[in-house]
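Report on the following structure.
The values are calculated or read from the model by the stated rules, or taken from the named source; none is laboratory data. No experiment lies behind these values; they were computed from the predicted model shown. Cβ sites come from the backbone with ideal geometry, for glycine too, and all protein chains shown count toward neighbours. Note: accessible area is taken over every heavy atom of the protein model, side chains too, but ligands, DNA and RNA are not part of it. Shrake-Rupley method; radii C 1.70, N 1.55, O 1.52, S 1.80 Å.
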Amino acid sequence: MTTRYASVGKELPLFAENEDAWRVDPEAGIWSVADGAGGTGLYAGEWARFLVGQVPAEPFKTVEEVTEWLSNHWGGFFDQYQARAAANYLTELKFMNEGSGATLATLHRRKSGLHWSVYGDALVLCFNPKTGQLTASNPALSQFAEAPYLLNWQFPCPADGFRSGCWPSEPGLQLALCTDTLGQYLLMAYQALQGDHRELAALGQLPTALGNRAAAHQRFWQPGAGSFSVQVWEPLWQSLVSPDRFLHYTQSLRASQLLGVDDYTCILIAY
């Protein structure tokens, strides 16, 4: 088993700020990514890093387990950052009223299989190079048209934001965890190369950045001209050899209007 991973902030190389977080622990069989929601509350990147650090040894299977886990752990984060926020009245008011938000994706390797969970629009993907089939924790592109569900120490966790499942552990499978915008690129490219333009065409009618990207994918990819494995998955794998390569890879996709502006994080595990 080989694991590669990389993360770059949206403003690199000018600014290093990155509100994504990740955890790679092959010995424990735990991988996770979190995407701090900078438009919600305060300390989003710090909250994302806190969450991945607290992912438990056993996989999440229900939203009630996520709720209990959050209830048992958020206090440590709050105590640390409430003290920081208290230095300014307006900062503390925002922190107390809005909390901190992030999405989360987890993968646990156990004897019973590969257990995945997501809260919000982060993605876990399973790719079979032999068949060319890509399976996703949530394959619907429509999930990116609305504000994502977020884990927030200040508010309850609506059940609609949670998904979980288990894939059989088979030799040759490749698993990826990625934050929303990079995952969106992979799903759009896969649908376009499969010749499945239903969702892409519907989104392409929207006068939004998401709609523009959906239309760009329809124009860019030609079904039958090459496989998803060769044109998309393998270049992603090769980009993860170093942060510089990953930065160049994401900048190239942005220049082709196939990838939105965001922080990008990907963990890819090859069996």
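Highlighted here are the strands (runs of 3 or more DSSP E) found entirely within the range 86-198 that include at least 2 residues which are touching a helix residue (DSSP H, G or I) at 6+ places or on another chain (Cβ under 8 Å) and modelled with pLDDT of 95 or more: 100-110, 113-119, 123-128, 133-136, 174-178.
Looking at the range 248-271, which of the residues that are open to solvent by 30 Å² or more (accessible area, probe 1.4 Å), in a loop (DSSP other than H, G, I, E, B) and not hydrophobic (A, V, I, L, M, F, W, C) is modelled with the lowest pLDDT? Per the criteria, the residue is Y271. Filter the range 15-40 down to the residues that are modelled with pLDDT of 95 or more and among the β-branched types (V, I, T), then identify the one that is surrounded by the fewest Cβ atoms within 10 Å (Cβ to Cβ). Out of the qualifying residues, it is V24. The set of residues from the range 231-247 being open to solvent by 70 Å² or more (accessible area, probe 1.4 Å) and either modelled with pLDDT under 95 or within 16 Å of the chain's Cα centre (by Cα) (or both) comprises P243, D244.
Do you know which residues across the range 14-62 are of a type in the set (K, R) and either under 13 Å from the mean Cα position of the chain (by Cα) or within 21 Å of G76 (Cβ to Cβ) (or both)? Answer for the range 14-62, where residues must be of a type in the set (K, R) and either under 13 Å from the mean Cα position of the chain (by Cα) or within 21 Å of G76 (Cβ to Cβ) (or both): R23, R49. Here K61 meets each of (1) open to solvent by 50 Å² or more (accessible area, probe 1.4 Å); (2) touching a Gly at 6+ places or on another chain (Cβ under 7 Å); (3) within 22 Å of A176 (Cβ to Cβ); (4) not β-branched (V, I, T) with one exception, condition (2). Screening the candidates A145, A189, A140, A159 for the property of being in contact (Cβ under 8 Å) with a residue 12 or more places away in the chain, crowded, with 20+ Cβ neighbours inside 10 Å and under 20 Å from the mean Cα position of the chain (by Cα) yields one hit, A189. Residues in the range 192-205 that are exposed (fewer than 14 other Cβ atoms within 10 Å of the Cβ) and of a type outside the set (D, E): G195, R198, A201, Q205.
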